């Protein structure tokens with residue numbers, strides 16, 4: 001009887017670990033840093049700093065998450081925001097400038113620590 005419980009426990013543990021590895025029970029994990037490749041110059045974004053250190057609410061940038069639970073999949077900005085505005089969705093460039101630059105400018109007005117707002121302080125031109 002005792003060996004049966006041990007076998008069942010091992011089996012359940014094994015199955016749970018397979019589910020965790022396969023992602024069925026694992027939460028989505030964002031990368032620490034993203035680099036957006038854009039014509040004017042690459043923009044580096046430190047997700048970890050914004051989310052964990054500065055404690056900015058996910059919905060601030062991922063507005064499509066309203067009503068979703070933490071860990072649910074988020075969409076890429078470019079899944080809705082294309083190179084040119086389409087329907088109600090503004091262009092990707094305008095969306096990034098509105099959200100990123102806009103947030104930095106708000107923080108600056110409130111005398112809080114802020115990030116860059118100038119073109120060449122965000123965009124890093126590739127050296128030729």
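Here are a few things to note about the model shown:
- Filter pass, residue 96 being touching a strand residue (DSSP E or B) at 6+ places or on another chain (Cβ under 8 Å) and either at pLDDT below 90 or assigned to a helix (DSSP H, G or I) (or both): yes
- Filtered residues of the range 102-119 (kept if under 23 Å from the mean Cα position of the chain (by Cα) and either in a helix (DSSP H, G or I) or at pLDDT 95 or above (or both)): 102, 103, 104, 105, 106, 107, 108, 119
- Subset of the range 40-76 that is closer than 18 Å to residue 30 by Cβ and in contact with a strand residue (DSSP E or B) (Cβ under 9 Å, 6 or more places away or on another chain) - its residue that is surrounded by the fewest Cβ atoms within 10 Å (Cβ to Cβ): 53
- Residue satisfying all of: in the range 1-37; surrounded by 10 or more Cβ atoms within 10 Å (Cβ to Cβ) and modelled with pLDDT of 90 or more; farthest from residue 92 (Cα to Cα) among these: 32
The values are calculated or read from the model by the stated rules, or taken from the named source; none is laboratory data. The model shown is predicted, which means the values in this text are computed figures rather than measured ones. When we count neighbours, we look across all protein chains shown, and the Cβ atoms used for this are built from the backbone with ideal geometry, even at glycine.
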